[in-house]
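The values are calculated or read from the model by the stated rules, or taken from the named source; none is laboratory data. The shown structure was predicted, so the numbers you read here are calculated from the model rather than taken from an experiment. Glycine also receives a Cβ, built like all others from the backbone with ideal geometry; neighbour counts cover every protein chain displayed. Keep in mind that these areas ignore ligands, DNA and RNA; they rest on the heavy atoms of the full protein, side chains included. Shrake-Rupley method; radii C 1.70, N 1.55, O 1.52, S 1.80 Å.
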Amino acid sequence: MTATLDQRARSLRDLRISVTDRCNFRCGYCMPKELFGRGFAFLPRAELLSFEEITRLARLFAEQGVTKVRLTGGEPLLRRDLERLVEKLAVLDGITDVALTTNGAMLAGKARALADAGLTRVTVSLDALDDDVFGAINDVGFPVARVLAGIDAAADAGLTPVKVNMVVRRGVNDHCLLPMADLFRHRGHTLRFIEFMDVGTTNHWTLNDVVPVAEILRTIEASWPLQPLQPNHQGEVAARYRYRDGAGEIGLIASVTRPFCASCTRARLSAEGKLHTCLFAAGGHDLRALLRGGASDEEIARRLRSIWIARADRYSEARSPLTARRPKVEMSYIGG
Ligand code: SF4
């Protein structure tokens, strides 16, 4: 099968599928409460792609070269019976990896069933270990202990190594870097530090709030010397480092100071069936209309190919204070 390449010869390899725009957290950098409050109109159920529609699209993406599928949201575990979708995706030809990104709030009760259904890996977002700091970040006062219990349950279910994502913001949780690193050393999980990004238009992003990965590296190295590692595969988002004392691995995701658009192989599908070719896209291509309009597999495949071939996204390389203000899709709508 010939890989479908975009305008920068990037192949279509990773599909991120948002299964809901709802979340049980209100993290300020993604879904601030002042906007996503009590009366917010989330997508009605009928507008969400069904598991059958998602599976059909994933099969057609696999025919274009996609091998890795990641389930996201909002918070994907809010979508009922998600393990049924995992089961369908895990048996698709060409799909070798079905992963999940979650805030961990419901993971303890779901990890085993998801693993049994065919889930291969899980990434859990956790931005601090102090309940006051974490509670303020998620803005619903959710306790750290329950997220840690979810991580343990995922490990017990064999979804290892668990990746833990920490979005670092100056003046919010940058003082939590060392306690986080310390907790996950010797645990076999990979802690990844993420530069705060200007996703969407609602998180009041400024460059001053960004802690560059170079600074994060210096902070960690001052306590535990690190050694750079080779990427696991082309297009890997995180730069990998191992602790020289053998205590494990960390990752650094630097969309702001070290953009990685040149090797970006990711497409994103919103819960209502819009295809976005970049996390910072202003809008997406409506695939649901094709699905529900009776289009054949060939017609949809042709559409996927033409969208990807025309793709030239490089937002992070072109980022500026001006671009940060332009309209962009919300991260809670298409997942990270
Ligand atoms: S900014 Fe867009 S093109 Fe660049 S790495 Fe992110 S998703 Fe890919």
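Restricting the first residue to segment 289-314 and requiring it to be open to solvent by 50 Å² or more (accessible area, probe 1.4 Å), which pairs with a second residue that is of a type outside the set (D, E) and modelled with pLDDT under 95 meet a Cβ separation below 6 Å and a spacing of at least six or different chains?
R305/T4
Looking at W205, W224, can you tell me which residue is within 15 Å of the ligand (Cβ to nearest atom), touching a residue at least 12 places away in the same chain (Cβ under 8 Å) and over 24 Å from L15 (Cβ atoms)?
Testing whether each residue is within 15 Å of the ligand (Cβ to nearest atom), touching a residue at least 12 places away in the same chain (Cβ under 8 Å) and over 24 Å from L15 (Cβ atoms) leaves just W205.
Among the residues of segment 54-70, is any aromatic (F, W, Y) and open to solvent by 20 Å² or more (accessible area, probe 1.4 Å)?
Looking through segment 54-70, none of the residues is aromatic (F, W, Y) and open to solvent by 20 Å² or more (accessible area, probe 1.4 Å).
Output yes when any residue across segment 213-228 is within 30 Å of D174 (Cβ to Cβ), assigned to a loop (DSSP other than H, G, I, E, B) and open to solvent by less than 50 Å² (accessible area, probe 1.4 Å), and no when none is.
yes
If you go through segment 248-271 one residue at a time, do you hit one that is out of contact with any strand residue (DSSP E or B) (no Cβ under 9 Å at 6 or more places or on another chain) and among the β-branched types (V, I, T)?
Scanning segment 248-271, I find no residue that is out of contact with any strand residue (DSSP E or B) (no Cβ under 9 Å at 6 or more places or on another chain) and among the β-branched types (V, I, T), so the answer is no.
Among the residues of segment 107-144, write down those that are part of a loop (DSSP other than H, G, I, E, B), surrounded by fewer than 22 Cβ atoms within 10 Å (Cβ to Cβ) and either of a type in the set (S, T, Y) or under 17 Å from the mean Cα position of the chain (by Cα) (or both).
Of everything in segment 107-144, just one residue is part of a loop (DSSP other than H, G, I, E, B), surrounded by fewer than 22 Cβ atoms within 10 Å (Cβ to Cβ) and either of a type in the set (S, T, Y) or under 17 Å from the mean Cα position of the chain (by Cα) (or both), namely T120.
State whether the residues of segment 304-319 include one that is of a type outside the set (A, V, I, L, M), over 19 Å from T123 (Cβ atoms), at pLDDT 95 or above and more than 16 Å from the ligand (Cβ to nearest atom).
Looking through segment 304-319, at least one residue is of a type outside the set (A, V, I, L, M), over 19 Å from T123 (Cβ atoms), at pLDDT 95 or above and more than 16 Å from the ligand (Cβ to nearest atom).
Filter segment 1-25 for residues that are closer than 24 Å to A267 by Cα, part of a loop (DSSP other than H, G, I, E, B) and open to solvent by less than 80 Å² (accessible area, probe 1.4 Å) and give the result.
Within segment 1-25, A3, T4, D6, A9, R10, L12, R13, V19, T20, D21, C23 meet the criteria.
If you go through segment 268-283 one residue at a time, how many are more than 9 Å from the ligand (Cβ to nearest atom), open to solvent by less than 20 Å² (accessible area, probe 1.4 Å) and either in a loop (DSSP other than H, G, I, E, B) or in contact (Cβ under 8 Å) with a residue 60 or more places away in the chain (or both)?
Residues that pass the stated criteria total 4.
Identify, please: which residue in segment 57-78 is of a type in the set (G, A, S) and not in a loop (DSSP other than H, G, I, E, B) and is, among those, farthest from the chain's Cα centre (by Cα)?
A62
Just to be sure I understand, how many residues within segment 235-250 are under 17 Å from V211 (Cα atoms), over 14 Å from the mean Cα position of the chain (by Cα) and surrounded by 20 or more Cβ atoms within 10 Å (Cβ to Cβ)?
So the count comes out to 1.
Which of the numbered conditions does G28 fail, given that it passes all the others? Conditions: (1) assigned to a loop (DSSP other than H, G, I, E, B); (2) of a type outside the set (A, V, I, L, M, F, W, C); (3) closer than 30 Å to D6 by Cβ.
Of everything listed in (1) assigned to a loop (DSSP other than H, G, I, E, B); (2) of a type outside the set (A, V, I, L, M, F, W, C); (3) closer than 30 Å to D6 by Cβ, G28 misses just condition (3).
Among V167, V211, which is modelled with pLDDT of 95 or more, more than 23 Å from R10 (Cα to Cα) and within 16 Å of the ligand (Cβ to nearest atom)?
V167
Could you check segment 231-259 and list, in sequence order, the residues that are at pLDDT 95 or above, in a loop (DSSP other than H, G, I, E, B) and more than 16 Å from the ligand (Cβ to nearest atom)?
Matches in segment 231-259: R244, D245, G246, A247, G248.
Given the conditions (1) surrounded by fewer than 19 Cβ atoms within 10 Å (Cβ to Cβ); (2) under 21 Å from the mean Cα position of the chain (by Cα); (3) in contact (Cβ under 8 Å) with a residue 24 or more places away in the chain, report the number of the one that S50 does not fulfil.
(3)
Say we look at segment 79-99 and pick out the residues that are in a loop (DSSP other than H, G, I, E, B) and out of contact with any Lys or Arg (no Cβ under 9 Å at 6 or more places or on another chain); which of these is most open to solvent (accessible area, probe 1.4 Å)?
Checking each candidate, the answer is R80.
Looking only at segment 111-158, which residues are among the β-branched types (V, I, T) and in contact (Cβ under 8 Å) with a residue 40 or more places away in the chain?
V122, T123, V124, V133, I137, V140, V147, I151
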